[in-house]
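The structure appears right after this line, and notes come after that.
The values are calculated or read from the model by the stated rules, or taken from the named source; none is laboratory data. Quick caveat, the model's predicted, so the values are computed rather than measured. Cβ sites come from the backbone with ideal geometry, for glycine too, and all protein chains shown count toward neighbours. Accessible surface is based on the protein model in full, side chains and every heavy atom, while ligands, DNA and RNA are left aside. Shrake-Rupley method; radii C 1.70, N 1.55, O 1.52, S 1.80 Å.
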Amino acid sequence: MLKDYLDLQMLEATRSSASAAWEAVSWTKTASISSIFSTVVSFATFCAAIYAMNTWRSQEKVSAKREIKKAASKFFVELELMPEKFSKSNVNGGFICSRSENIEVHARFKDNINEWAMHEKISELYLSLKYLGHAIEDDLNDKQKTLLKEIDQNYKGYYTYEESKTLLEQALKQLLEELEIYKN
């Protein structure tokens with residue numbers, strides 16, 4: 001009888017441990033299913049993040065192209081208002097006269113001061129265009145890069161009093177026609 005009682009206790013302990021093992025297996029199945037679901041959700045999130053980054057990158061490219069086109073347009077419009085060719089003596093004289101505190105000097109050399117101011121303005125616009133051109137150089141095609149180099153050369157000739165603005169205007173006009181904002 002003691003032997004039967006011990007066998008019964010052993011049977012109940014075995015059944016209890018089997019039940020606990022079965023419950024552990026079911027929790028393991030639940031955990032693995034949850035892990036698989038979590039992996040799928042993480043992968044979907046990763047794909048959404050990559051899509052968002054690509055969308056953001058393309059929006060930034062469009063924005064940069066829009067900025068360079070705006071800078072080139074502003075440069076072109078301001079260039080139309082500039083003299084055909086700068087006079088070195090007028091620009092230098094304007095610079096010197098602009099530093100004077102004498103009102104009579106300002107009134108007498110007003111044209112020189114205006115030409116110096118235009119000379120400085122064209123420099124600012126050119127530097128803005130050049131900076132933006134370098135910023136998006138990878139997104140420009142070969143013709144656009146060539147036009148930017150041509151603008152660079154023509155600007156130097158115009159700014160250093162050697163050439164008229166005609167070649168610079170032509171290169172800017174070609175660049176404006178060539179820049180397509182919404183195409184890759």
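As a ratio to 2.2 N^0.38 Å, the alpha-carbon radius of gyration computed for the chain takes the value 2.35.
Angle of helix 2-81 to the longest C-alpha principal axis of the chain, folded into 0 to 90 degrees and rounded to 10: 10°. When nucleic acids and ligands are ignored and a 1.4 Å probe is applied, residue 66 ends up with an accessible area of around 110 Å². Within the shell defined by Cβ-Cβ distances under 12 Å, the residues around residue 9 carry a net charge of -1, with Lys and Arg each +1 and Asp and Glu each -1. Taking K and R as +1 and D and E as -1, what net charge do the other residues with C-beta under 13 Å from the C-beta of residue 23 add up to? Summing Lys and Arg as +1 and Asp and Glu as -1 gives +2.
Helix 88-98 axis versus longest C-alpha principal axis of the chain: approximately 80°, rounded to the nearest ten. Figure note: 56, 27 ranked by solvent-accessible area, largest first, 1.4 Å probe, ligands and nucleic acids not counted: 27, 56. The stretch 21-48 and the stretch 152-182 have Cα centres lying 62 Å from one another.
Given the DSSP H assignment, sum -39500 (n - 2.57) over each helix run of at least 4 residues in the chain and divide by its residue total; what's the result at 222 nm in deg cm²/dmol, nearest 500? Calculated from helices alone, the mean residue ellipticity at 222 nm is -29500 deg cm²/dmol. Where in the chain is the longest stretch that carries no GluC sites (Glu not before Pro) classed as loop by DSSP and with at most 14 other Cβ atoms within 10 Å? Answer - 1-83.
With respect to the chain, whose longest principal axis is taken over its alpha-carbon atoms, helix 166-178 is tilted by about 20°.
Report note on the peptides 43-49, 88-94: ranked by the mean count of other C-beta atoms within 10 Å, highest first, their order is 88-94, 43-49. Near residue 133, once Lys and Arg are set to +1 and Asp and Glu to -1 for all other residues with Cβ below 9 Å from its Cβ, the sum equals 0.
In percent, rounded to a whole number, the relative contact order of the stretch 1-127 is 19, using alpha-carbon pairs under 8 Å and six or more apart.
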